[in-house]
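Here the structure comes first, spelled out in structure tokens, and everything after it is commentary.
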Amino acid sequence: MGTDAWITVAVLVVAFAALASDRLPPSAIVLAATVSLLLLDVITVDQALAGFSSPAPLTVAALYVVARAAQKTGLLAPVTAQLIGEGRRWTDLVRLVVPTAGVSSLLNNTPLVAMLVPDIVKACEQRRIAASRFLMPLSFAAILGGTLTVLGTSTNLVVSGLLQEVGEEPFGLFELTPVSGPTAVVGLAVMVVVAWWLVPVRVSAAGQATEDVREFVMAMEVVAGGPLDRARLGDTTLVGRRHVFVVQVTRGDTVIAPVDLDVVLAGGDRIAFAGQVEQVVDLYRVAGLRSSAGERVEEVARPGQRLHVAVVGRTSPAAGHTLEEVDFLARYQAAVLAVHRDGHRLTDEPRDVRLRAADTLILLADEDFPELWRERPDFLVIAPTGGDPPHAGRRAPLVAAITVAMVAIAAFGWLSILEAALLAAGALVATGTLSATDVREAIDLDVIVLIAASFGLGAALEVTGVADLLAGAIVGAFDGFGTAGIVFGLLLSVSLLTELVTNNAAVVVVFPIMTGIVGRTGLDLRTMAVGIAIAASASFMTPIGYQTNTIVYGPGGYRFTDYLRVGVPLNFAVVAMATAMIMVVAPA
């Protein structure tokens, strides 16, 4: 190897050691490694910055925006709640990964994971279980499902294009399935067994932050004829939620408190909940509930509104009065959804509470509400808060239509995934579903920088010849085991290269090696192409080899080494099964 190759290997070793230590953000480590290679003249400026002009990070950014719309409107919340069940048995993991793999066979796996992650995190919070137990398996299942058809991942399309360059026909829709189907089944089985025991319980950075322990009270009404009408309280999702519980149930003039789990709910019942702000506001997503402040919410509900925290001032006209007495809605053009009072647990619904100075209110109002009232004595403090407006769910059908259109446009090749995702994101903003603030908050810049910076590392491996040496060495190591050994070595080299460069770059590097092996062994070129497409997607050992792994990295609170626990056995199982199927389908 030349000097540049040794420099590349040294930088990679240091970078991976730093990533394993988890002392610095992964984006900072990978960016620093790329900058180091640039300053050492291993790669050019264009190669170092190639990732920042690549469609990949911008595509993920656009998909984050689409995923934010799905989260804000609760589009997938009912689905994810059913997918993970109670989340305490290995069968609950099966319930998640099997449908995920099935759907990702026809829908590109990256947007699918991006849309599912926020709701899975929220569902896990409600069940008081660690989201880390589900997010890594979610990513791996989507990767395995993406190998089933040519539409599942862009890697399949890249290999299909490489086939055309050598005079072959492109892949058919299900041409990968005879090899990838059994491989995915084995992969899912191994993953469920290994993941259930080895995926650690982690807390995300957001979860590790100091929690807001203020307890707010909010009232909701049971919709007559809805799914909660005539339901036993203990059998609903209203109990067992993290940081929120039922305070009382009011039925006509009768107040039921404390509330027994055997209480059978009826249409028109008003239920008072107490809990942290994001948790109580999230109750608006529960089917069969509506705000007891319905009319007040309807009067102010419109696109661009946000939730605000406001503290009642000592000289405020609202102090000493109920909301109705002070005509709060007309005066402030804001609806009060919940109330908190330090040192005292409120049991009355917000509309019946006689407000005091220093009471904290959760308000639904326009984005400019803080600017309008910040300099007046009515409120001491006004600040934005977590949670989405209760009326956001009305736009779920619109978000669903835009998302389906995005997927269809990309699947049929009318536009690229990037163009379709940007079009969808623009439509969500244009229709008022998302505000500019929503867009800014949706994009995780650490993930975007991580993806963009990793392209520089891949370029260094390619231009210095390290990637070719690695692939050749791995194939050569298995040469003594016959044709099956060579195939296994080739697929393993693709899989390991994917962990260091992008999956698409890995197949580009290995494709010429594969054509040479085909000439020596007499194996079918198309079947071998299917094999390297599957192996290039078999990225389970690091969070940077595949975009879905990167997406779940932060929300799952994972460490770099966590991927190795499940990834090593899963990588080898997938490569071994793919090798076996190739030998069955296309023996030499």
Unique match (being in contact with a Lys or Arg (Cβ under 9 Å, 6 or more places away or on another chain) and either more than 30 Å from residue 62 (Cα to Cα) or surrounded by fewer than 22 Cβ atoms within 10 Å (Cβ to Cβ) (or both)) among 486, 513, 517: 486
Scope the range 348-382; condition over 30 Å from residue 258 (Cβ atoms), touching a residue at least 12 places away in the same chain (Cβ under 8 Å) and not in a loop (DSSP other than H, G, I, E, B); matching residues: 365, 366, 369, 370, 373, 379, 380, 381, 382
All positions within the range 283-306 that are at pLDDT 60 or above and of a type in the set (A, V, I, L, M, F, W, C): 283, 286, 287, 289, 293
Boolean, residue 221 is acidic (Asp, Glu) and either out of contact with any strand residue (DSSP E or B) (no Cβ under 8 Å at 6 or more places or on another chain) or modelled with pLDDT under 80 (or both): no
Considering residues of the range 230-256 that are touching a helix residue (DSSP H, G or I) at 6+ places or on another chain (Cβ under 9 Å) and of a type in the set (A, V, I, L, M) only, the residue farthest from residue 268 (Cα to Cα): 244
Hits in the range 421-433 - residues which are modelled with pLDDT under 85 and in a helix (DSSP H, G or I): 421
Within the range 112-152, considering residues that are touching a Pro at 6+ places or on another chain (Cβ under 7 Å) and not small (Gly, Ala, Ser), the one surrounded by the fewest Cβ atoms within 10 Å (Cβ to Cβ): 121
Any hit, the range 158-173, residues being within 30 Å of residue 525 (Cα to Cα), at pLDDT below 85, surrounded by 13 or more Cβ atoms within 10 Å (Cβ to Cβ) and of a type in the set (Val, Ile, Thr): yes
Residue match in the range 84-91 (condition: part of a helix (DSSP H, G or I), in contact (Cβ under 8 Å) with a residue 12 or more places away in the chain and over 21 Å from residue 200 (Cβ atoms)): no
Pair list, Cβ under 7 Å, 6 or more apart: the range 181-195 residue of a type outside the set (Ser, Thr, Tyr) and surrounded by 19 or more Cβ atoms within 10 Å (Cβ to Cβ), other residue modelled with pLDDT under 95 and not in a helix (DSSP H, G or I): 184/147; 184/148
Qualifying residues in the range 232-253 (those that are buried (at least 18 other Cβ atoms within 10 Å of the Cβ) and either basic (Lys, Arg) or on the phi > 0 side of the Ramachandran plot (or both)) - the one modelled with the lowest pLDDT: 243
Filtered residues of the range 92-130 (kept if of a type in the set (Val, Ile, Thr), closer than 19 Å to residue 240 by Cβ and part of a helix (DSSP H, G or I)): 120, 121
Which listed residue, of 427, 460, 396, 453, is touching a helix residue (DSSP H, G or I) at 6+ places or on another chain (Cβ under 6 Å) and within 13 Å of residue 62 (Cα to Cα): 427
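Residues checked against (1) more than 26 Å from residue 18 (Cα to Cα); (2) part of a loop (DSSP other than H, G, I, E, B); (3) in contact (Cβ under 8 Å) with a residue 12 or more places away in the chain; (4) touching a His at 6+ places or on another chain (Cβ under 9 Å):
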{"residue": "483", "(1), (2), (3), (4)": "yes, no, yes, no"}
{"residue": "498", "(1), (2), (3), (4)": "no, no, yes, no"}
{"residue": "507", "(1), (2), (3), (4)": "yes, no, yes, no"}
{"residue": "513", "(1), (2), (3), (4)": "yes, no, yes, no"}
{"residue": "527", "(1), (2), (3), (4)": "yes, no, yes, no"}
{"residue": "545", "(1), (2), (3), (4)": "no, yes, yes, no"}
{"residue": "563", "(1), (2), (3), (4)": "no, no, yes, no"}
{"residue": "576", "(1), (2), (3), (4)": "yes, no, yes, no"}
Selection count, the range 35-47, where residues are out of contact with any Leu (no Cβ under 6 Å at 6 or more places or on another chain) and either of a type in the set (D, E, K, R) or in contact (Cβ under 8 Å) with a residue 12 or more places away in the chain (or both): 9
Any pair with Cβ under 8 angstrom, 6 or more apart, that starts in the range 159-180 at a residue that is part of a loop (DSSP other than H, G, I, E, B) and ends at one that is hydroxyl-bearing (Ser, Thr, Tyr) and surrounded by 13 or more Cβ atoms within 10 Å (Cβ to Cβ): 166/515; 170/160; 171/160; 173/149; 174/149; 176/147; 176/149
Index of the failed condition, residue 65 passing every other in (1) surrounded by fewer than 16 Cβ atoms within 10 Å (Cβ to Cβ); (2) on the phi < 0 side of the Ramachandran plot; (3) at pLDDT 85 or above: (1)
Count of residues meeting criterion [closer than 21 Å to residue 352 by Cα and among the basic types (Lys, Arg)] in the range 223-272: 2
Members of the range 222-259 that are among the hydroxyl-bearing types (Ser, Thr, Tyr) and more than 35 Å from the chain's Cα centre (by Cα): 250, 254
Positions within the range 489-512 being over 32 Å from the mean Cα position of the chain (by Cα) and at pLDDT 75 or above, in sequence order: 489
Residue count, the range 22-34 (criterion: surrounded by fewer than 17 Cβ atoms within 10 Å (Cβ to Cβ) and either in contact with a Ser or Thr (Cβ under 9 Å, 6 or more places away or on another chain) or closer than 14 Å to residue 449 by Cβ (or both)): 5
Qualifying residue in the range 35-47 (condition: part of a helix (DSSP H, G or I), of a type in the set (Gly, Ala, Ser) and buried (at least 22 other Cβ atoms within 10 Å of the Cβ)): no
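The values are calculated or read from the model by the stated rules, or taken from the named source; none is laboratory data. In this text the structure is predicted, and so the values were computed from the model without any measurement. A quick note on method: Cβ atoms are made from the backbone with ideal geometry, for glycine too, and the neighbour counts reach across all protein chains shown.
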